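Read through the structure below, which is laid out as C-alpha cells, and then see the notes.
Bear in mind these aren't lab numbers, they're just calculated from the coordinates by the rules spelled out. The model shown is predicted, which means the values in this text are computed figures rather than measured ones. As a convention, Cβ positions derive from the backbone with ideal geometry for all residues, glycine included, and neighbour counts pool all protein chains shown.
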Amino acid sequence: MIENWAGNLTYGAREIVAPRTLAEAQELVAHATRVKALGSRHSFNTVADSPDGLQLDLSAVNRTPEIGAAKVAIGGATRYGDVVAQLHEAGYALANLASLPHITVAGSVATGTHGSGQRLPGLAAAVSAVELLTADGSLRTFSRADAEFPGVVVNVGALGVLTRLTLDLEPTFSVRQDVFDALPWSAALAHFDEIQAAGYSVSLFTNWARDVVDQVLLKNRVPAEIPDALFGALPADGPRHPAHAAGISAENTTVQGGVPGPWYARLPHFRLEFAPSVGAELQSEYFVPRAHAAAAFEALRSIGDRIAPLLVVSEIRTVAGDEPWLSPAYDGDRVAVHFTWQQRQPEVEAVLPLIEEKLAPFGVRAHWGKLFHGAVLDLDHQGVRQFRELAAELDPAGKFRNPFLERHLLR
C-alpha cells in the first residue's frame, strides 16, 4: 500500500509494479485488467488510483533527456526539477513552470496543471508530441498535427500511460521576483487587469476574510521596470512564503527581493531541495473565465468567514486559454483560484460544495488532481464530449478507467 504526497489517501491498487524495460511495461499493460501510472503522487484525490488493479511505476525505465534544436524529449517519469538545470546549461528554457518543480512532467501535463501569466497557457502548451502506451500494450505517437492531439495531451490517465513527451524550448532567460504587501481589495478589484500586466507571472495571496490581499508576487523577465508601489501595496521588507500571513517561514521559497536568477530558479515558488509548499496540506483549485474575475472574487469574499478558518493560504493566478479538450482553460482565458487547506479533510470537503455553488454562475471548472465536489462544475462542454468519444475509441474495455473518472468524466 502506498500513500499520496499529502498523506490524505491510500491508493487501492492491488499491486505496484516497476518494470525494468519499456517492453516489460508494454507486456504488463497488455495483460492487465485495470492499470494506472504512478507519478510523483501529487494528487489529492483518486484520479490516479487503480482500485484492485495495477499501478505502474516507470521510474526504472525513464529515459535520458534528449536536447535538440529548441526541443527536448523526456521520459514519462521525469520531474521538472530533474531536467531544468540541464536545459539552462544548454542555453534553453521552458516558457513557464508550475509552483513546484517536484512534480512529473507527464502527470502535470495530463491533469492540466499550469503556471501563471496572462499570456501564458497551461504547461501542456509546451508539448509538441507524446508517446502513449495504450490498452493493447502498443506504443502510439501523437503530435500537434494529429486531430486527436488536444485529447491525448491532457488525458487524466484515461487513455493510457504517457511514456515520452517532446517539449518546445526557447532561449534561456533570467527572472526576478518582487513581493508587495497589503493590496487593498478595492484596488485588486478595480485594477486587476493592470496588476496582471505588471508581471510575466503574477500571484495574489489571500485568505478571503481580510480587507487586503496579503501579498502580490511579481515574477518578471529581466531587465524589467518594477514599480515603487502597486495600487497601495508596498514592497516587502524581506522574503515571503506565500502563507506568510499564516506565520510560515520563507526558508523553502525561491529567491525574492528582485535578485535575478535563471528562469528555473525563480518561476517556481518553492525550491526542489525542500519539501514543497507547507508539506502537510490539502489542495483545491477552481477556474472561472477571466471576464468574471471580479464577480467571482466578490462571491468568495462573501463566504470568507467559512473559508479562512480552514485555510493555509489561497492563490489567485491567470492562465491564457488553450486547446486541450480537458484543460481548465479550454476555449478561453481563465482566472485560477487555488486553496491550500489545512489537513482537516472532512471540514474541507464540507465547504467545497458551497464554494462551487458560489462560483457556478461563472462556468466554474476544477483542477483534475485536487479536491472538489463536482456537482455543479462545467463538465459537459464540447471538449469533454470529444474526449469521451476518444476514450471509447482508444480504451474500449475501460482498462484505464477508475471510479473517479467514471463519476466525474466518463459517465
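Taking every C-alpha pair closer than 8 Å and separated by at least 6 residues, the mean separation divided by the residue count of the chain gives a relative contact order of 18 percent. Separation of the alpha carbons by more than 30 angstrom is noted, of Lys358/Lys399; Lys36/Lys358; Lys71/Lys219; Lys71/Lys399, for Lys358/Lys399; Lys36/Lys358; Lys71/Lys399. When Rg and the Kirkwood Rh are both derived from Cα coordinates, the Rg/Rh ratio for the stretch 69-141 amounts to 0.98. Reducing the stretch 209-270 and the stretch 19-50 to their Cα centroids gives an inter-centroid distance of 38 Å.
Among the trypsin sites (Lys or Arg not before Pro) within the stretch 340-381, those in coil by DSSP and having at most 15 neighbouring Cβ atoms inside 10 Å are Arg344. The trypsin sites (Lys or Arg not before Pro) of the stretch 128-224 that DSSP puts in a loop, and whose beta carbon has at most 14 other beta carbons within 10 Å, are Arg144, Arg210. For the stretch 15-56, the fraction of C-alpha pairs more than 17 angstrom apart is 28%.
With kT/(6 pi eta Rh) evaluated at 37 °C and eta = 0.692 mPa s, and Rh the Kirkwood radius from Cα pairs, the stretch 299-411 diffuses with a coefficient of 211 µm²/s according to Stokes-Einstein. Here's the picture: charge each Lys and Arg Cβ at +1 and each Asp and Glu Cβ at -1 in the chain, and of Leu189, Tyr264, Val212 the one pushed furthest to the positive end of that dipole is Tyr264.
At the listed q of 0.14 Å⁻¹, the Debye profile of the stretch 174-366, built from one uniform point per Cα, gives log10 I(q)/I(0) equal to -0.80. Evaluated with a Cβ-only charge set (Lys, Arg +1; Asp, Glu -1), the chain carries a dipole of roughly 300 debye about its Cα centre, given to the nearest 20. Across the stretch 25-111, the mean sequence separation of Cα contacts (distance under 8 Å, 6 or more residues apart), normalised by length, yields a relative contact order of 26 percent. Toward the positive end of the charge dipole of the stretch 15-56, with +1 on the Cβ of Lys and Arg and -1 on the Cβ of Asp and Glu, the farthest Cα among Thr21, Ala32, Phe44 is that of Phe44. Scaled against the 2.2 N^0.38 Å expected of a compact globular protein of N residues, the Cα radius of gyration of the stretch 1-92 reads 1.25. Of the trypsin sites (Lys or Arg not before Pro) in the stretch 29-93, which ones lie in a loop per DSSP and count no more than 16 other C-beta atoms within 10 Å? The qualifying sites are Arg63.
Between the stretch 278-339 and the stretch 85-109, the C-alpha centres lie 23 angstrom from each other. Within the listed set Ala69, Ala32, Ala397, the Gaussian network model of the chain (springs between alpha-carbon atoms below 10 Å) gives the highest mean-square fluctuation for Ala69. Helix 345-359 versus the longest principal axis of the chain: what angle, 0 to 90°, nearest 10, using Cα atoms? Relative to the chain, helix 345-359 is tipped by roughly 70 degrees. Against the compact-protein benchmark of 2.2 N^0.38 Å, the Cα-based radius of gyration of the chain scales to 0.94.
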